[in-house]
Amino acid sequence: MTEKKNPVAAAAEKVVEKVQEAVPPPNEIPGAPSPEVASVKEPAEPREPLPPKHDQRGPDTYSPTGHPTGVPQGDMAQGGAYLTTAQGARLYETDHSLKAGSRGPVLLQDHHLREKITHFDHERIPERVVHARGAAAHGVFKGYGTAGGISKAAFLGKDAETPVFVRFSTVLGSRGSADTVRDTRGFATKFYTDEGVFDLVGNNIPVFFIQDAIKFPDVIHAGKPHPDREIPQAQSAHDTFWDFVTLHTEATHHTLWNMSDRGIPRSYRMMEGFGVHTFRLVNAEGATTLVKFHWKPKLGVHSLVWEEAQITAGMDPDFHRRDLADAIEAGAFPQWELGVQTFPDTEDQMFEGIDLLDPTKIVPEELAPVQPIGLMTLNANPSNYFAETEQVAFHVGHVVPGIDFTDDPLLQGRLFSYLDTQISRLGGPNFGQLPINRTHTPVNDMLRDGMHQTAVHRGVAPYHPNSLDGGCPFLAGEDAGAFVEVPAEVPAARKVRDAAASFDDHFSQARLFWLSMSPTEREHIVAAYTFELGKCWEQAVKERALTVLANIDTDLCAQVAAGLGLPVPEASVPPVDAEPSPALSQVGGEWPVDGRVVGIVTDGADDLDTVRTVRQAVLDVGMVPLVVAPAGGTLGGDADPVVVQRTFTTARSVEFDAILLAGAPTPAPDAYGARDAKVDDNAAAVTGMDPRLLLMVTEAYRHGKAIGVWGEGGSVLEAAGLPADSAGVVTGESASSVLEAVTGLLGGHRAWDRFTPAL
Ligand code: HEM
């Protein structure tokens, strides 16, 4: 909390503290559906509802008008041991409707039936028009105080702590679509500051498809499924998307980022976030600085490989939301440092020749380093998806004193759009009163009535000026914390539908990005374009796309053309070399391994003591061990049982960041093709091993994952035809030294040396 804390806010903080105190130690293996182990028999003894799981919490309890209520969060949830109507009357039956005789017609009189069905009939609300699919978490932001010279925003002050709620999302897919599709990811943060709500509504890609908000409906209509058949879902690999982005070439830079590994993140926890636009910060003296916001993940920026993303979309469409929730439940709280690139607020709003108002351009970090200004930690999962993740409403126009806008035409349009869309999505103008959206500051807005009004306003004079309500509310001066727009100069100009000439450069920064990629990353980009364009039906769209690629890079264009079986066109705007920006590449660093998932394969008969030790060692370094065995249940008797989390039927390599082979399981009783199509009967007969394990290991190998082997496990590699001496494969006598080496490899994300790029 910042220094301007009021006494009631302090009371509310205590409530939060109390909730946090109650948090028991994290679950070793996350994913339990309930805080208690369920009984086989249906419980019959009446009791109060269970509390949320230890990792979950709801919104802080503030009134619709921003007053801390001190009400425990549990009191916002259902209570009482007995089933009731919505009006609180207890019910004795809910399995049968009221009928005229047990085989007779249902009676209109059945108030319980009508209430229950009517409510159910209206449970759905419109999904977001974009970013419909998402996952969120609660957390806290702590300011470093380093931004004091450029912004007076109190939440950026040294050690100021501010509650936050963050929602990550894909852009194109519907609410139920898969997480691991190729797309941009949303990264929206709501800061509940003592000066009002500040929303930083960004993406994991620092540039955008369009330069002017008036094109937003066009780019989204092109990216969404075709309106006739409504396919494909959550994909850009289709004709309308490529038709638009190849005709409207300002989309080139963003499209290239989407085709890069950034389009398929490994985890929400491993993404950068960007405010995209240039914002204007203002300090206590009124001096202004232009900035670009960056979130830097402590875990580094990492991605899936394409085949892995595709398999995952089928195996676990919830992969990213599960990863986020599991990590938090396991106590691996993800963290990001907030940073800013700063630029002088000059009249032309250019920096080193880069137009700061053009949202299709970055400023390379080598030219303007990202300066850290605070740390965000996500430490709790929501306790109710609908109430929190679905109902949260972000808006770029939610700002606090010290943060202001620039004239970026995309930003200006967004300032209109978010407020507008939420009226439709959340059913009226009072969505700010939903618990997750409530500010933690007193609200006296003179806005009145409307659908779903939950505040009970007093007084007779909701107008200004008045004398009948004692003149209240009063206008604050800047000294009393008012948000006062920076009186920025607007040059004398004519009304035009036009953009600055600098906005016409659509290719130079796409080339800069391409030149900044490592060879393996370039291979992935070529493959992504080839896949996506290969999925288009229209020859003209593919040919046009190649003309765009020719303007980025000759090799890129030639490789994609070869994949499509088309001639290589001439560049219409010949590529000009740019200084690469090493900060754009994801490869070649060392990062923490928190929350990484390690599969430990055992045949159930090999040395279980070693399995126990390794399992514990994985936990000790903050990772999640999942034991994989031929059948479910427990291993090793009752004394110190090893619980099996996955079997060969349920497991697939994509769940694991690394695989440890403790044994060499022979085919399990269910390992035959008629039962499980993953089984190659011939391989089972030839190798004498369970073919699903061989599939798992070869898949992990193809995806550049670390594989650790000791004891009998070595024969699995042999049976799978994998060289034991290749990069990222660790063999050894001692399980602990194997694990240590595998953990080291995980720090680099993948065994990059296993790939042999040709580019
Ligand atoms: C730099 C460009 C943009 C970025 C970074 C961005 C980011 C986001 C994010 C992260 C969300 C999801 C918010 C959530 O989690 O609830 C979102 C939603 C949305 N965005 Fe944008 N967006 C951009 C451009 C635009 C433009 C130009 C428009 C319209 C002119 C627009 C309209 C919307 C709408 C209508 C929603 C749905 C909001 C809701 O229903 O809650 N966005 N955007």
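The values are calculated or read from the model by the stated rules, or taken from the named source; none is laboratory data. Note that the coordinates shown come from a computational prediction; the quantities given were computed from them, not determined experimentally. In this analysis, Cβ positions are derived from the backbone assuming ideal geometry, glycine residues included, and neighbour counts consider all displayed protein chains. Only protein heavy atoms, including side chains, enter the accessible area calculation; ligands, DNA and RNA are left aside. Shrake-Rupley method; radii C 1.70, N 1.55, O 1.52, S 1.80 Å.
Considering segment 588-747 at the alpha-carbon level, its Rg and Dmax are found to be 14.7, 45 Å.
How would the chain be classified by its alpha-carbon gyration tensor: rounded, prolate or oblate, with rounded meaning a/c under 1.5 and the a/b versus b/c comparison settling the rest? Oblate is the answer for the chain, as a/c is 1.5 or above yet b/c matches or exceeds a/b.
The accessible area of residue 463, taken with all protein chains in place and a 1.4 Å probe, comes to roughly 100 Å².
Heavy-atom accessible surface of segment 562-684, averaged per residue, reaches 46 Å², computed with a 1.4 Å probe.
Given a Förster radius of 51 Å and the C-beta distance between residue 116 and residue 482 as r, what FRET efficiency does 1/(1 + (r/R0)^6) yield to the nearest 0.05? Don't jump to the answer; show the numbers that get you there.
Numbers: r = 49 Å, r/R0 = 0.95.
That gives a FRET efficiency of 0.55.
Only Cα pairs under 8 Å and at least 6 apart count here; give the relative contact order of segment 496-581 as a rounded whole percent. Before the final figure, lay out the partial values.
Values: 79 pairs, mean separation 34.5, N = 86.
It comes to 40 percent, rounded to a whole number.
Keeping the other protein chains in place, figure out the carbon and sulfur percent of the accessible area of the chain, with a 1.4 Å probe. Before the final figure, lay out each step's value.
Working: 19310 of 34810 Å².
Roughly 55 percent of what the probe reaches on the chain is carbon or sulfur.
Rounded to the nearest 0.05, what FRET efficiency do residue 90 and residue 452 give with R0 = 30 Å and r taken as the Cβ-Cβ distance? Could you check? Taking R0 as 30 Å, the efficiency between residue 90 and residue 452 is 0.65. For residue 351, the residues 5 or more places off, or on other chains, whose built amide H falls under 5 Å of its own are 356.
By how many nm would the segment from residue 237 to residue 464 lengthen if fully extended, with 0.36 nm per residue of separation less the alpha-carbon distance?
Values: separation 227, 0.36 × 227 = 81.72 nm, distance 5.39 nm.
The span from residue 237 to residue 464 would gain 76.3 nm if fully extended.
Under 19 Å between alpha carbons: how many lysine pairs meet that in segment 63-194, if sequence neighbours fewer than 8 apart on the same chain are excluded?
5
Would you mind calculating the relative contact order of segment 162-295 from Cα pairs under 8 angstrom and at least 6 residues apart, reporting the percent as a whole number? Intermediate results must be reported in sequence, preceding the final value.
Details: 219 pairs, mean separation 33.5, N = 134.
It rounds to 25 percent for segment 162-295.
Within the straight-line cut-off of under 22 Å between alpha carbons, the lysines reachable from residue 495 are 215, sequence neighbours fewer than 8 places apart in one chain being disregarded.
Counting each pair of different Cα atoms once, what's the Kirkwood radius of segment 170-279 in Å, rounded to one decimal?
Values: mean 1/r = 0.0669 Å⁻¹.
Every distinct Cα pair counted, the radius reaches 14.9 Å.
Here the sum of -39500 (n - 2.57) over DSSP H runs of 4 or more residues, divided by the residues of the chain, equals -7500 deg cm²/dmol at 222 nm, to the nearest 500.
Per residue, segment 204-284 exposes 28 Å² of solvent-accessible protein surface, assessed with a 1.4 angstrom probe and all protein chains in place. Between segment 707-753 and segment 379-435, what's the alpha-carbon centroid distance in Å? If you average the Cα positions of each part, the centres end up 47 Å apart.
About its Cα centre, the chain has a charge dipole of approximately 1740 debye under the convention of +1 per Lys or Arg Cβ and -1 per Asp or Glu Cβ, with nothing else charged.
Computed with a 1.4 Å probe over protein heavy atoms only, the accessible area of residue 469 comes to about 50 Å².
Sorting the Cα pairs of segment 498-564 by distance into bins of 5 Å, from 0 upward, gives 3, 17, 25, 22, 15, 10, 6, 1 percent per bin.
Can you give me the relative contact order of the chain as a percent, contacts being Cα pairs under 8 Å and 6 or more apart? Spell out each step's value before the answer.
Working: 1462 pairs, mean separation 92.5, N = 759.
Normalised by residue count, the contact order of the chain is 12 percent.
Just to make sure I understand: if all protein chains stay in place, what is the order of 587, 400, 643 by accessible area at 1.4 Å, largest first?
Details: 587 50, 400 0, 643 75 Å².
Sorted by accessible area, descending: 643, 587, 400.
Averaged over its residues, segment 360-411 has an accessible area of 27 Å² per residue, based on protein heavy atoms and a 1.4 Å probe.
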